[in-house]
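Read-outs throughout are calculated quantities, based only on the coordinates presented, and are distinct from any laboratory measurement. No experiment lies behind these values; they were computed from the predicted model shown. FYI the Cβ positions are ideal-geometry reconstructions off the backbone, even for glycines, and counts take in every protein chain you see.
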Amino acid sequence: QVQFVESGGGLVQMGGSLRLSCAASGSSFSINAMGWYRQAPGKQRELVAGITSGGNTNYADSVKGRFTISRDNAKNTVYLQMNSLKPEDTAVYYCNIEGVVTTTGYEYDYWGQGTQVTVSS
């Protein structure tokens, strides 16, 4: 069984920084893609950043140069470092992890419970 813990988020002033993390634990599983999504009130959920098992990354245009996604494979953890935050970054941020339970071949697609990021002006 695979378990996940999402943490980080909070209230920050414009120009500030926050770091989100999402960790997987358990046994007999592998992780493929990891990513962060966000959903602002009245808007659809959108991809913020993603990272493949090989370390390739992609970002939404709105966060390029400000946000950095990274992963620690030894800790089965994905991070989102958010710098130069803007009020329009305010949203609920969700972790997404895709992988396989190696003993059964079951492909999982985990979504975190979401963490609120609020940027004040």
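Amide H contacts of Lys86: Gly15, each under 5 Å away and 5 or more positions distant or on a separate chain (H built 1.01 Å from N in the peptide plane; Pro and chain starts excluded).
For the chain, build the convex hull from the C-alpha positions and give me its volume per residue in Å³. Before the final figure, lay out the partial values.
Numbers: hull volume 11.4 nm³, N = 121.
Residue-normalised Cα hull volume stands at 94 Å³.
In order along the stretch 52-67, the Karplus-derived 3J(HN,Hα) couplings, from 6.51 cos²θ - 1.76 cosθ + 1.60 at θ = phi - 60°, round to 8, 5, x, x, 6, 10, 9, 9, 5, 4, 5, 10, 4, x, 10, 10 Hz, and Gly and Pro are given as x.
Computed over the chain with a Gaussian network model linking Cα atoms closer than 10 Å, the most mobile of Asp109, Asp72, Asp89 is Asp72. Return the aspartates and glutamates within reach of Lys64: Cα separation strictly under 17 angstrom, same-chain partners fewer than 8 residues apart disregarded; answer none if there are no such residues. Filter leaves Glu46, Glu88, Asp89.
Any idea what the relative contact order of the chain is, in percent, if you count C-alpha pairs under 8 Å spaced at least 6 apart? Normalised by residue count, the contact order of the chain is 34 percent. Name the residue from Val48, Gln3, Asn73 whose Cα lies farthest towards the positive end of the charge dipole of the chain, charges +1 on Cβ of Lys and Arg and -1 on Cβ of Asp and Glu. Positive-end residue among those listed: Val48. Note on Glu98/Ser121: beta-carbon distance plugged into 1/(1 + (r/R0)^6) with R0 of 35 Å gives a FRET efficiency of 0.50.
Considering only Asn96, Ser30, Ser120, the residue lying farthest towards the positive end of the dipole of the chain is Ser120, judged by Cα position with unit charges set on Cβ.
Annotation: amide H of Gly114 within the under-5 Å range of Cys95, sequence separation 5 or more or interchain, hydrogens built in the peptide plane.
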